[in-house]
Amino acid sequence: MSVAVAPPTMINRVETLKRDHGRLRVLLGVCEKASASELPGLLRQLHDVFVPHQRAKEQLYEVVVASCQDSKDATTLTLLNIFRTNLTVMSSAVLGFFSNVDTNPERLHQRFRTVAAALRSLMDTEEKSVFPLCLRQQTRMQQPARSLRIQTLSSPPWQAGGR
Amino acid sequence: MNFVPPKDMSVLDDAERLASFDAPLLESTPDPELQALVTEATTLTGFPIGLVSLVVRKIQFFRAQVGLPPDLSATLATDRCTSFCQFVVARGDCLEIEDAEREPGLPRDLVERYGIRAYVGFPLEVQGQTVGSFCVIDAKPARLTPEVLTKLRALARRASARLEELARQVPAPASSSEAEAQARNAWLAVAEAQPLLSLSERYADGQISFEEFQRGLGALAGLSGSSE
C-alpha cells in the first residue's frame, strides 16, 4: 500500500533551507580555521552538505517561478530569475572548486576564502530577498482562495441558494 | 578617429598571463595603497574616475577604484569583452581615447551604458605579464598633456609594484601541472562569479535601486549568460 505524501509547503521549504544555511555557515567557519591537513577532508563534508541543499533550492525556484508565471507577476519573476541565475552560476563554480582541490595547502586556504565569501554572500541575499519573495508569493496565491472561502462562509443562506 | 583594435587579442587568454591572477589580486577588500594611487590619478588628471582594472578571463575586475557609479562600485567588474582596458593589455602599451563617441572601433556597451567619453590607460604588469590597466575616465571628451601623461605613467608603475607585492603573498606553483591549472581555473570561476553576488547583495540591502541593479547586471551579461 502506498501512502501519498503531501508536497512540502513553501514555508517548510524555506525553513529547511534556512537550517541548511546555518549548517553551511558553521562548516565554512570550521574550514577557515582548519589546518592545512584537515581542509581537504572538510571540503568533502562541505560538498556533501552543499549538493542536496543546492538541489532543494533549485526545486524551490521551480515551484515559485511557476507560481509567478501563473499569477503574471513580472517584477517578482524577473527578480527570481536573476537570483536563480546567480545560484546556477555560483553553484557550478563552487562544485568545480570542490572537484579540483589545489595540492598546495597555503594556496588552497587563500583560495578557499574567496569561495567562503561567495557562499556567504549568496546565502545572505537569499535570506534577505529570495526567501521573503517566495513566502510573499505563497501568500498571494493563497489569498484568492481564502477570500472566496470567507465570502462563501459569511454569505447568508438565502444567497447561497440563489435568488 | 584614431583607434584601431589590435588584430591579435590572443594574449588576453594566454595561460601564463591568466596564471598571474590569484587570491590577493582578485580580493575585493580595498587595498589602501592602490586606493591612494587611483585617487592621486584623478586629482592629477581632473578625470572623475580612476581604476586599477585587472583584465581577467571573463571580466575586468576593479582592484581599486574611485568615482564609479553605485552599481559598478558594487560589482567592481564588467564583462571583459566590453572593456577598453582589454586593448591596453592586448597592445601592452598606453591607450588614449579623447572621445569614445568618435571611435567606432571601440565596444559601444560602456559608452552607452555609462556615458564614457575620454579614457587614458597604462599597462599594469605582474611577474612579467600585462595583467590590466591603470586608467582614468571622464564622461566628457578630454585630452591630457604630455607632462600629465608622464606623471600618470609613473603612478601606473607604482601600482604595478604594489600588485607585484600582493601577488607574492601566494606561493608560486612548484610545477605547471594540468591538475594545478585545473585547480586555479576552478577557483577563478568562483572569483569571477563573485561580482554577480555582490551586486545582488547590494540590492537586497537596499543600497542600489532596481534600475541600478539591472544596469549592473547588463554590464555583466556575459557572465550570467543573459542577453538582456
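The values are calculated or read from the model by the stated rules, or taken from the named source; none is laboratory data. Predicted model, so just to flag it, every value in this text is computed and none were measured. Using ideal geometry, Cβ is built from the backbone for each residue, glycine included, and neighbour counts are taken over all protein chains shown.
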### Query
assigned to a helix (DSSP H, G or I), modelled with pLDDT under 95, within 14 Å of another protein chain (Cβ to nearest Cβ) and touching a Cys at 6+ places or on another chain (Cβ under 9 Å), is that true of A:L77?
yes
### Query
If you go through the range B:120-173, how many residues are modelled with pLDDT under 95 and under 26 Å from B:P48 (Cβ atoms)?
0
### Message
Which condition from (1) at pLDDT 90 or above; (2) surrounded by 14 or more Cβ atoms within 10 Å (Cβ to Cβ) is the one that A:D48 breaks?
### Response
(2)
### Task
Would you check if there is a residue in the range B:145-167 being within 14 Å of chain A (Cβ to nearest Cβ), more than 17 Å from B:A77 (Cα to Cα) and not polar (S, T, N, Q)?
yes
### Summary
Considering residues that are in contact with a helix residue (DSSP H, G or I) (Cβ under 6 Å, 6 or more places away or on another chain) and facing another protein chain (nearest Cβ under 9 Å), the number found within the range A:125-136 is 4
### Query
Among the residues of the range A:21-37, is there at least one that is in contact with a Pro (Cβ under 7 Å, 6 or more places away or on another chain), free of Cβ contacts under 8 Å to residues at least 40 places away in the same chain and either crowded, with 16+ Cβ neighbours inside 10 Å or not basic (K, R) (or both)?
no
### Summary
Among A:L46, A:L24, A:L17, the single one that is under 26 Å from B:P171 (Cα atoms) and either under 20 Å from the mean Cα position of the chain (by Cα) or in a helix (DSSP H, G or I) (or both) is A:L46
### Query
Tell me, which residue of the range B:38-72 that is surrounded by fewer than 22 Cβ atoms within 10 Å (Cβ to Cβ) and over 30 Å from B:P146 (Cα atoms) is farthest from the chain's Cα centre (by Cα)?
B:P70
#### Entry: Residue among B:A118, B:A100, B:A90 that is surrounded by 19 or more Cβ atoms within 10 Å (Cβ to Cβ) and without any contact (Cβ under 8 Å) to a residue 24 or more places away in the chain
B:A100
### Query
Restricting attention to the range A:81-92, does a residue exist that is touching a helix residue (DSSP H, G or I) at 6+ places or on another chain (Cβ under 6 Å), hydroxyl-bearing (S, T, Y) and under 23 Å from A:G29 (Cα atoms)?
yes
### Query
Which residues, counting only those in the range A:98-116, are within 7 Å of chain B (Cβ to nearest Cβ), assigned to a helix (DSSP H, G or I) and among the aliphatic types (A, V, I, L, M)?
A:V115
